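One structure is given below, encoded as structure tokens.
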Protein chains: 4
Amino acid sequence: MYKPISFVKPILSLIGLSLFSFAHAQNQQAQVPEPMPMKPQMTEFWEPEVKVITPGAMPANQMMPPPSDAIVLFDGKDLSKWRSKKDGGEAKWKVENGVFTVAKGTGDISTKQKFEDYQLHIEWQIPSDIQGQSQARGNSGVFLQDPSEEVKQPSDYWYEVQVLDNYNNRTYANGQAGSLYKQKTPLVNAMRKPGEWNVYDIIYTAPRFKEDGSLFSPARVTVIHNGVLVQNNAEIRGHTAYIGIPFYKKHGKAPITLQDHGDPSKPISFRNIWLREL
Amino acid sequence: MYKPISFVKPILSLIGLSLFSFAHAQNQQAQVPEPMPMKPQMTEFWEPEVKVITPGAMPANQMMPPPSDAIVLFDGKDLSKWRSKKDGGEAKWKVENGVFTVAKGTGDISTKQKFEDYQLHIEWQIPSDIQGQSQARGNSGVFLQDPSEEVKQPSDYWYEVQVLDNYNNRTYANGQAGSLYKQKTPLVNAMRKPGEWNVYDIIYTAPRFKEDGSLFSPARVTVIHNGVLVQNNAEIRGHTAYIGIPFYKKHGKAPITLQDHGDPSKPISFRNIWLREL
Amino acid sequence: MYKPISFVKPILSLIGLSLFSFAHAQNQQAQVPEPMPMKPQMTEFWEPEVKVITPGAMPANQMMPPPSDAIVLFDGKDLSKWRSKKDGGEAKWKVENGVFTVAKGTGDISTKQKFEDYQLHIEWQIPSDIQGQSQARGNSGVFLQDPSEEVKQPSDYWYEVQVLDNYNNRTYANGQAGSLYKQKTPLVNAMRKPGEWNVYDIIYTAPRFKEDGSLFSPARVTVIHNGVLVQNNAEIRGHTAYIGIPFYKKHGKAPITLQDHGDPSKPISFRNIWLREL
Amino acid sequence: MYKPISFVKPILSLIGLSLFSFAHAQNQQAQVPEPMPMKPQMTEFWEPEVKVITPGAMPANQMMPPPSDAIVLFDGKDLSKWRSKKDGGEAKWKVENGVFTVAKGTGDISTKQKFEDYQLHIEWQIPSDIQGQSQARGNSGVFLQDPSEEVKQPSDYWYEVQVLDNYNNRTYANGQAGSLYKQKTPLVNAMRKPGEWNVYDIIYTAPRFKEDGSLFSPARVTVIHNGVLVQNNAEIRGHTAYIGIPFYKKHGKAPITLQDHGDPSKPISFRNIWLREL
């Protein structure tokens, strides 16, 4: 199937190809069209709107302590389990009062350790004086496996669970908190208010690849946001594509990355991060 | 494939069938062997032993409150959302101090409402003076969908997540707390001590059937025990078979049932039960 | 995550929204952005090129006869099992010498019967004097379930296995014969020459939906092209989107449709169509 | 859950264990019950009977020729691609008139090459003078991956698609031609008569394992028997267990094995075997 609406253009481009082939007869590698570039807004879906619910309230300082077999990625003291993503050096985000906060402009931070399948607990807080709207309000993200060092393209961003303030702040449904960014809308909006702590409990199954580099099985993820299921063993379609269509590229174990989004709003904070390898 | 060891017997039984067919020539319905009966111990697997871990400790009275879209099945006051499984009458388990306790001999209790896919939160406590060993120690169960009223056989028990005291109490691995009883061993043993509250967070996807009654897709379940993943979107193989091989039989929405196991040990208690339909 | 490149525009549109909301204070339904329109070429991927193989040669008149439990959709005689898609009237394609041929301009034809899961055998022939290039060369399609009568939008096209001449004719990989059109590239190119008969053996599992209209499980399809596997239980992402991103909309049993593509090349023919309900 | 019927026995065995532990206080490795042994007939299910259909008839000498990318495992001339399973030596089955026939007592034969995922075409013939009943009638099998050299136990048999004469010969449904032996009944019985050639077209996806040896994803198989779907991406539960419950054990690429079943009936023949790696 294709529709005649686009008929003239491909034919012209094929004529172009023929001429080119003639001129470069010894270079038999045919040139083929690149996919036409897209715009970000082409993959931003505002409808249907995600239902808003109120999660159960927990005492402000109640944190789920790590089980005995967990790798504690942040225990309130330091960022020794993390490094700067861009240069591999020290993670420069700010640790204070048992939490750490994005230090704008210092860049994303990644775990030193690489992971495959895991259960992850992570808590994050939107500052109570947050400003901005839509995506420009407390934007960050948890990249579940970040193979960008091993796989140079198509993207620096892979497998993101969105972090954003969506308490009384609507954005495109497939880009709000609890979404697989631009891939899968959360089942409900279970945000807590700015100033309160949000919790993600994430069960992640890494993708598997065949020897020839093709995909054997996609990544899958379950996300529980403040005790409420928002993704149920959802299939991840490939890298996190801000523009265009996601796809996969073979990689092995990879770190987890947190995003310094760099938007002009107030920086967000994290605490109580632990992980169990599965 | 089959192995000659069983050769004589089937041949004899086929001879038997031939004679029978001859004698009852007008009844063309051939009689075929029934599967040979099994014993319970044939489906009890003690090895490999499940790794024991210590879940994170929570304050004794800390309960995860229900989100705003939950159906509260027990809020500490009464069993008005439940009925006796055997006669449909009042649920006779004992409510006291915000919890309810199995009243031995009164039988299983089922929700009045029927469910399909859901997220369930349920807390349960083994009494601190529990006695007994292996399966005879605080045995109960959460039957995730109980169609036994609609489907008269093969069983009264369907899709059980085991409830049992496995704190320093070993039993067969596929029958311990967090197992899909006799179907799937939990990933780890995350029990709390008798006298402390255990929590199950369960994500259940009901089986689907075709019009002809055959299975379209099996039930699947994720179980988080005290904050620790013990079943990850695990496939359920059919009804809960204490004896023999599980299989499916077509059914629709069904209640959740809790088991009055009736063993001689002390009765267990439940609290804070809520469910979100998915 | 989002990238600041698109920052100004959403902010402006949000300002726009605020003004609009003020002016129409009694109409509380907020207006939200529509996804930006796409172009067809944005979802046409030429690379990587699909490997070309030669399928096993079969005698020209060798057809796989239907098994005893098949519904024969075309036995060489007439189109009595088919109707015109657009008006429900008689299927006007031309039957001759045991095959039928697209009668250009008469429109698509659909089976009178509706189906869910099935195994389908269908044979198709590109005329030996075919002309054109890329998509404009023997284009047609098998729409595995066509709910367009029940579901008025987003599309008239659903779940297409592409029919096209790709013997020495390259096109975008996700639009060539054996592709799930614009969704999934075939594993290999197993085309026979124009004038020879191609065979599709297709195993189709229909999507299932929840009561609320959301998707329970996507459609899946296995395609064997001339005896060679080209799709292995591949997931279908939604309707066949010539432009844009596919998605699902709840529907029930639906007919199979064959496409009168209307391109200027020679019309293609079909024979020996049978189906077994699963 | 467990039923009191088995209560006394486990308690006694636990008492036994306690005494044993006392006597061997320095050997802290607790002894646990082995699963009780089963009988073959416990996993033989005759009901419901599989529907019998008649597949499409093909000319006696019509074989599907291999595509250009196939590995031809038998082209009618010799068994050079095969070896004896038991000693690795020459495959001693008898080649004559373009087919090869089980030479009873010479043992199973395996491919020299090891495979993972593939599409397999294999033709097999029950001799026209076959005798016997139930399983004792033309019994053989295709073992889709045979890691028995790498994995010494639990079994010499793995992932079998049953080969048997079930033309007017009933046996247990999960052990007839087209079954995954003792795991999955075929959708229909599509047998051809003794003396005619049966064809299996098989799409096999190998199991994947995690580093720790646990199962990541089970093997899956689609089987088309004489052009008729009998297994649709069916899950394989583990090794082929003539007695007991199947389970998995980690392995890598493995050969395909054909069974010399050794029963007293006439030996069966094979021809036209080819495979495409996926």
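The values are calculated or read from the model by the stated rules, or taken from the named source; none is laboratory data. Computed from a predicted model, the values in this text were never measured in an experiment. Cβ atoms come from the backbone with ideal geometry, glycine included; neighbour counts cover every protein chain shown.
The table below lists the values:
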{"item": "For B:THR205: the one exception among (1) in contact with a Lys or Arg (Cβ under 6 Å, 6 or more places away or on another chain); (2) within 14 Å of chain D (Cβ to nearest Cβ)", "result": "(2)"}
{"item": "Total residues in the stretch B:261-278, condition part of a loop (DSSP other than H, G, I, E, B) and either within 11 Å of another protein chain (Cβ to nearest Cβ) or basic (Lys, Arg) (or both)", "result": "6"}
{"item": "When residues of the stretch D:54-67 are limited to those that are in contact with a Gly (Cβ under 9 Å, 6 or more places away or on another chain) and at the interface with another protein chain (Cβ under 7 Å from one of its Cβ atoms), the one modelled with the lowest pLDDT", "result": "D:MET64"}
{"item": "Residues (of a type in the set (A, V, I, L, M, F, W, C) and surrounded by 24 or more Cβ atoms within 10 Å (Cβ to Cβ)) located in the stretch C:151-177", "result": "C:TRP158, C:VAL161, C:VAL163, C:LEU164, C:ALA177"}
{"item": "Positions within the stretch A:249-275 being over 25 Å from A:ARG83 (Cβ atoms) and of a type outside the set (Gly, Ala, Ser), in sequence order", "result": "A:PRO264"}
{"item": "Criterion (out of contact with any Asp or Glu (no Cβ under 7 Å at 6 or more places or on another chain) and of a type in the set (S, T, N, Q)) met by exactly one of B:SER148, B:SER128, B:SER84, B:SER110", "result": "B:SER128"}
{"item": "Residue selected from the stretch B:33-53 under the condition of a type in the set (Val, Ile, Thr) and within 13 Å of chain A (Cβ to nearest Cβ), by the criterion farthest from B:ARG170 (Cα to Cα)", "result": "B:ILE53"}
{"item": "Residue within the stretch C:210-222 that is crowded, with 19+ Cβ neighbours inside 10 Å, more than 14 Å from chain D (Cβ to nearest Cβ) and either in contact with a Cys (Cβ under 8 Å, 6 or more places away or on another chain) or among the β-branched types (Val, Ile, Thr) (or both) present", "result": "no"}
{"item": "Residues being among the charged types (D, E, K, R) and more than 8 Å from chain B (Cβ to nearest Cβ) - total across the stretch D:165-176", "result": "1"}
{"item": "Conditions (1) in a loop (DSSP other than H, G, I, E, B); (2) among the hydrophobic types (A, V, I, L, M, F, W, C); (3) within 14 Å of chain D (Cβ to nearest Cβ); number of the one not met by C:ALA241", "result": "(3)"}
{"item": "Filtered residues of the stretch C:199-232 (kept if over 19 Å from D:MET64 (Cβ atoms) and more than 16 Å from the chain's Cα centre (by Cα))", "result": "C:ARG208, C:PHE209, C:LYS210, C:GLU211, C:ASP212, C:GLY213, C:SER214, C:LEU215, C:PHE216, C:SER217"}
{"item": "Qualifying residue in the stretch C:110-120 (condition: crowded, with 22+ Cβ neighbours inside 10 Å, in contact with a strand residue (DSSP E or B) (Cβ under 8 Å, 6 or more places away or on another chain) and within 13 Å of chain A (Cβ to nearest Cβ))", "result": "no"}
{"item": "Among (1) under 27 Å from D:ARG208 (Cβ atoms); (2) more than 13 Å from chain B (Cβ to nearest Cβ) - the single one D:GLN125 does not satisfy", "result": "(1)"}
{"item": "Test: residue in the stretch B:143-155 that is within 14 Å of chain D (Cβ to nearest Cβ), among the aliphatic types (A, V, I, L, M) and more than 24 Å from B:GLN62 (Cβ to Cβ)", "result": "yes"}
{"item": "Any chance B:GLN162 is facing chain D (nearest Cβ under 10 Å) and assigned to a strand (DSSP E or B)", "result": "yes"}
{"item": "Of residues in the stretch D:177-202 being farther than 23 Å from D:GLY56 by Cβ and either modelled with pLDDT under 95 or part of a loop (DSSP other than H, G, I, E, B) (or both), the one nearest to the other protein chains (Cβ to nearest Cβ)", "result": "D:TYR181"}
{"item": "Long-range neighbours under 7 Å by Cβ, at least six apart or interchain, first residue under 30 Å from A:PRO207 (Cβ atoms) within the stretch D:186-210, second among the charged types (D, E, K, R)", "result": "D:TYR204/D:ASP117; D:THR205/D:ASP117; D:THR205/D:ARG220; D:ALA206/D:GLU116; D:ALA206/D:ASP117; D:ARG208/A:ARG208; D:PHE209/D:LYS250"}
{"item": "Condition check for D:ASN226: in contact with a Pro (Cβ under 7 Å, 6 or more places away or on another chain), at pLDDT 95 or above, closer than 20 Å to D:GLN119 by Cα and within 11 Å of chain C (Cβ to nearest Cβ)", "result": "yes"}
{"item": "Conditions (1) of a type outside the set (Asp, Glu); (2) within 17 Å of the chain's Cα centre (by Cα); (3) under 30 Å from B:GLN41 (Cβ atoms); number of the one not met by B:LEU120", "result": "(3)"}
{"item": "Residue check, C:MET42 assigned to a loop (DSSP other than H, G, I, E, B), closer than 30 Å to A:PRO246 by Cα, modelled with pLDDT of 95 or more and of a type in the set (A, V, I, L, M, F, W, C)", "result": "no"}
{"item": "Search result, residues across the stretch A:178-198 that are surrounded by fewer than 22 Cβ atoms within 10 Å (Cβ to Cβ) and either among the hydrophobic types (A, V, I, L, M, F, W, C) or closer than 17 Å to A:LYS250 by Cα (or both)", "result": "A:VAL188, A:TRP197"}
{"item": "Search result, residues across the stretch A:76-93 that are closer than 19 Å to A:ASN198 by Cβ and surrounded by fewer than 16 Cβ atoms within 10 Å (Cβ to Cβ)", "result": "A:GLY76"}
{"item": "Flag if C:SER134 is at positive phi, among the polar types (S, T, N, Q) and outside any strand (DSSP E or B)", "result": "yes"}
{"item": "Checking C:ILE243 against (1) surrounded by fewer than 19 Cβ atoms within 10 Å (Cβ to Cβ); (2) within 16 Å of the chain's Cα centre (by Cα); (3) at pLDDT below 95, the condition it does not meet", "result": "(3)"}
